[in-house]
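Notes follow the structure.
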Amino acid sequence: VVAPSGSVVGQAGRGIFAEESATGVGSVLVNGSGNVTGTGDAFSGIVAENLNKANGGDVTVSQTGNVIGGYDGIHALTYGAGNVIVTTAANANITGTQLYGIEVTSNGTGNIVVTTATNDVITSGSVGINAYNQATSIPQVGGATTSSITVNAFGTVNSGSALTGSSSRPAGILA
């Protein structure tokens, strides 16, 4: 759990970095209320990730302040079976200068949920909100897929002009 209440500035990198390693167990929670800045073109404002494929814990970012990253604004990722949830509060500015304002990735069977609030402004060099699942297979129960991607975008989402990391065209929201 990382829960800063004041401003956080990564002097030579990420603003906040919260990670369960490839052998880590449990959930990752970033619950911040201050502004966060990641400095340098290769660094995100907030990175929250679970690298353990056997870990079913959730990855959650709940941010009420502004976030600026030289690469992504917010990057949330799981290799496990847990959910990935990113929520911002009203009037937040989330900026990813090089690539994504918000990037949310799952490589497992959990759900992805991104929710921005009223008057939020998401700005990116490529895609404003990029939410995707890269699992090799997702089980079905009764013929229905058990994993979903939900994006609730309230406010403004600005795309940039750069191609995505997989050479796709920029967009406001890709899901």
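The table for this structure:
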quantity	calculated
Among (1) closer than 21 Å to Ser33 by Cα; (2) part of a strand (DSSP E or B), the one test that Ala117 misses	(2)
Condition met for Ser21 (of a type in the set (Ser, Thr, Tyr) and under 16 Å from Thr87 (Cα atoms))	no
Filtered residue count, the stretch 98-110, keeping only those that are of a type in the set (Ser, Thr, Tyr) and farther than 16 Å from Val28 by Cα	2
Residues being polar (S, T, N, Q), part of a loop (DSSP other than H, G, I, E, B) and free of Cβ contacts under 8 Å to residues at least 60 places away in the same chain - total across the stretch 88-114	5
Tally, over the stretch 129-144, of residues that are among the hydroxyl-bearing types (Ser, Thr, Tyr) and either assigned to a loop (DSSP other than H, G, I, E, B) or open to solvent by less than 20 Å² (accessible area, probe 1.4 Å) (or both)	2
Leading residue by the ranking (most open to solvent (accessible area, probe 1.4 Å)) among those in the stretch 43-80 that are assigned to a loop (DSSP other than H, G, I, E, B) and more than 20 Å from Glu20 (Cβ to Cβ)	Tyr71
Filter result for Thr164 (out of contact with any Cys (no Cβ under 9 Å at 6 or more places or on another chain), closer than 20 Å to Leu77 by Cα, assigned to a strand (DSSP E or B) and open to solvent by less than 70 Å² (accessible area, probe 1.4 Å))	no
Residue satisfying all of: in the stretch 145-157; open to solvent by 60 Å² or more (accessible area, probe 1.4 Å), in contact with a strand residue (DSSP E or B) (Cβ under 7 Å, 6 or more places away or on another chain) and in a strand (DSSP E or B); nearest to Val104 (Cα to Cα) among these	Ile149
Tally of residues being in contact with a Gly (Cβ under 9 Å, 6 or more places away or on another chain) and either more than 13 Å from Gly101 (Cα to Cα) or in contact (Cβ under 8 Å) with a residue 40 or more places away in the chain (or both) across the stretch 139-159	3
Ser126 more than 13 Å from the chain's Cα centre (by Cα), modelled with pLDDT of 95 or more, open to solvent by 60 Å² or more (accessible area, probe 1.4 Å) and within 20 Å of Phe43 (Cα to Cα)	no
Filter result (polar (S, T, N, Q) and farther than 24 Å from Ala54 by Cα) within the stretch 1-30	Ser5, Ser7, Gln11
Scan of the stretch 16-42 for residues that are at pLDDT 95 or above, under 17 Å from the mean Cα position of the chain (by Cα) and either in a loop (DSSP other than H, G, I, E, B) or on the phi > 0 side of the Ramachandran plot (or both), ordered by number	Ser27, Asn35
Some residue of the stretch 111-119 being closer than 23 Å to Val28 by Cβ, open to solvent by less than 40 Å² (accessible area, probe 1.4 Å) and of a type outside the set (Val, Ile, Thr)	yes
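The values are calculated or read from the model by the stated rules, or taken from the named source; none is laboratory data. If you're wondering where the values come from, they're calculated on a predicted model, not measured in any experiment. Positions of Cβ are backbone-derived with ideal geometry, glycine not excepted, and every protein chain shown enters the neighbour counts. Please note that ligands, DNA and RNA were not included when accessible areas were found on the heavy atoms of the full protein model with its side chains. Shrake-Rupley method; radii C 1.70, N 1.55, O 1.52, S 1.80 Å.
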